[in-house]
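Asker: One structure, pasted below without further comment.
The values are calculated or read from the model by the stated rules, or taken from the named source; none is laboratory data. Just so it is clear, the structure is predicted and the values come from calculations on it, not from any experiment. Positions of Cβ are generated from backbone atoms using ideal geometry, with glycine treated the same way; all protein chains shown enter the neighbour counts. Surface areas here come from the heavy atoms of the whole protein model, side chains and all, with no ligands, DNA or RNA. Shrake-Rupley method; radii C 1.70, N 1.55, O 1.52, S 1.80 Å.
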Amino acid sequence: MARRKIIAGNWKMNMTPSQAVALIETLKPLVKKDDVDVVFCVPAIDIIPAIEAAKDTNIQIGAENMYFEEKGAYTGEISPEMLVDAGVKYVIIGHSERREYFAETDETVNKKVLKAFEHDLTPIICCGETLTQREQGVTIDFIRQQIKIAFLNVTAQQAADAVIAYEPIWAIGTGKVATTEQAQEVCKAIRDCIAEIYDEATAAAIRIQYGGSVSASSAPELFAQADIDGGLVGGASLKKDFGQIVNYNK
Ligand code: 13P
């Protein structure tokens, strides 16, 4: 069975609540599409107004992060239950910016992934190499390590529902998109790794996105690759371009 594409925006630390509502109003008609999952991952404070603004549309609202504990003395954190109660279905886990600026590790990523599944949230699990790692030829080894730790103790059934976002760090926010071949090569290696950990059926079901300077012009070729099931889009998700990206095959 063909995998359904999933095209998600990652707003990062942009958009106040009122700006979020205005942006959704603008994008609503532009991202209408039946055969793609369209997700806007927004800052925590924007989640509730965004869900309200996206009501009766095909836009699903996701979170950019969550904590791996249920509740308690963790000042400033957001729990999975809070996300679920607000109506969130997807949560980005382990974005490279969280790893770089907020000391997230493969181990904390794994804890968050397990906790997300416990609450029926679909994690969008991020992985990606630095420029040095790519230049030193260790990209695939490094990504395999990230994936293997992220999926520790995750069942095959859960893994089949997960989303992985391959985002080479050197391509994020740089305007330097990976070539189609580079992106496809790593996304295929990720799928092979999932087949090794689980089985072919799980590997065939899991959805793998590419992220890193995706634009209206690069999306069609990227999303046409055999192992690329959509994208995680930063900068371009804040603009009308996101409508073109969602409609990449029109
Ligand atoms: P850009 O699309 O701005 O490069 O960001 C990619 C990203 O980090 C999405 O999570």
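Asker: State whether one or more residues within region 64-77 are out of contact with any Pro (no Cβ under 6 Å at 6 or more places or on another chain), closer than 18 Å to Ala165 by Cβ and not aromatic (Phe, Trp, Tyr). Quick ask: steps written out before the conclusion?
Answerer: So the first thing to find is which residues in region 64-77 are out of contact with any Pro (no Cβ under 6 Å at 6 or more places or on another chain), and the list is 64-65, 67-77.
Keeping just the survivors that are closer than 18 Å to Ala165 by Cβ gives 64-65.
Next cut, not aromatic (Phe, Trp, Tyr) only: 64-65.
For region 64-77, residues out of contact with any Pro (no Cβ under 6 Å at 6 or more places or on another chain), closer than 18 Å to Ala165 by Cβ and not aromatic (Phe, Trp, Tyr): present.
Asker: Further question: Only residues that are within 15 Å of Lys188 (Cα to Cα) and not in a loop (DSSP other than H, G, I, E, B): list them for region 127-141, please.
Answerer: The answer is Cys127, Thr139, Ile140, Asp141.
Asker: Of the residues Ile149, Ile140, only one is more than 16 Å from the chain's Cα centre (by Cα), open to solvent by 10 Å² or more (accessible area, probe 1.4 Å) and farther than 16 Å from Gln182 by Cβ; which?
Answerer: Exactly one of Ile149, Ile140 is more than 16 Å from the chain's Cα centre (by Cα), open to solvent by 10 Å² or more (accessible area, probe 1.4 Å) and farther than 16 Å from Gln182 by Cβ, namely Ile149.
Asker: Sticking with this structure for a sec: Hey, among the residues in region 163-192 that are touching a Phe, Trp or Tyr at 6+ places or on another chain (Cβ under 6 Å) and not β-branched (Val, Ile, Thr), which one's surrounded by the fewest Cβ atoms within 10 Å (Cβ to Cβ)?
Answerer: Cys187
Asker: With Tyr210, Tyr198 as the choices, which residue is buried (at least 19 other Cβ atoms within 10 Å of the Cβ) and over 18 Å from the mean Cα position of the chain (by Cα)?
Answerer: Tyr198
Asker: Tell me whether region 44-66 contains one or more residues that are under 26 Å from Lys250 (Cβ atoms) and in contact with a Cys (Cβ under 6 Å, 6 or more places away or on another chain).
Answerer: Yes, region 44-66 has at least one match.
Asker: Report every pair of residues separated by at least 6 positions or lying on different chains whose Cβ atoms are under 6 Å apart, first residue within region 223-244 and on the phi > 0 side of the Ramachandran plot, second open to solvent by less than 20 Å² (accessible area, probe 1.4 Å).
Answerer: Correct list of pairs: Gly230/Ile6; Gly230/Ile7; Gly230/Gln209.
Asker: Are any residues in region 235-250 under 16 Å from the mean Cα position of the chain (by Cα) and surrounded by fewer than 22 Cβ atoms within 10 Å (Cβ to Cβ), and if so, which ones?
Answerer: Gly235, Ala236, Leu238, listed by residue number.
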